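Visitor: Take this structure, written in structure tokens, and hold onto it; I'll ask about it next.
No value in this document is a laboratory result; all are computed from the given coordinates. On a predicted model such as this, the values are computed, not experimentally measured, just so you know. Positions of Cβ are backbone-derived with ideal geometry, glycine not excepted, and every protein chain shown enters the neighbour counts.
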């Protein structure tokens, strides 16, 4: 427990230590806990990387052309992962191979980020494929009843299969088992 003199000394010291006062100092202090930003919810883009990031985002946008809210959200997930992969490759190149722990950590982040990238890419591909199939393969009545996130390709495959038939119901269980008596699992009809 602190003595009265220590409490007073702490209070006096706190008056002269108020943290950064300028906007630049506050901005710099807000990044104190940031080490690499790879686990951050938001993208970390340094000022000197801003143009490079915008070029990446623009080229991906032009190439992938997301339409609608769901595709746009998925596109942003893809950009986030693509940017972090770019940063990880740079970190890996700058990493001292003697520092095995750092190299191992970068490798784990890279594997996780690659999974996120390919997952977003796959989701975006499926969304765009569904969008195209909705425009071409469906008549107006079908478009109205099929929800937006249904995989139209799967529906099309099922409805176009030549020998497709609904599954047959399982045969009913016998009411009695020979030599044992009534079957308790049998359905009473």
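Visitor: Suppose we take every Cα in the stretch 55-147 and form the convex hull; what volume per residue is that in Å³?
Guide: Values: hull volume 8.5 nm³, N = 93.
Cα-based convex hull of the stretch 55-147, divided per residue, equals 92 Å³.
Visitor: Sorted from fewest to most neighbouring beta carbons within 10 Å, what does the list 41, 26 look like?
Guide: Values: 41 6, 26 11.
Starting with the residue having the fewest Cβ neighbours, the order is 41, 26.
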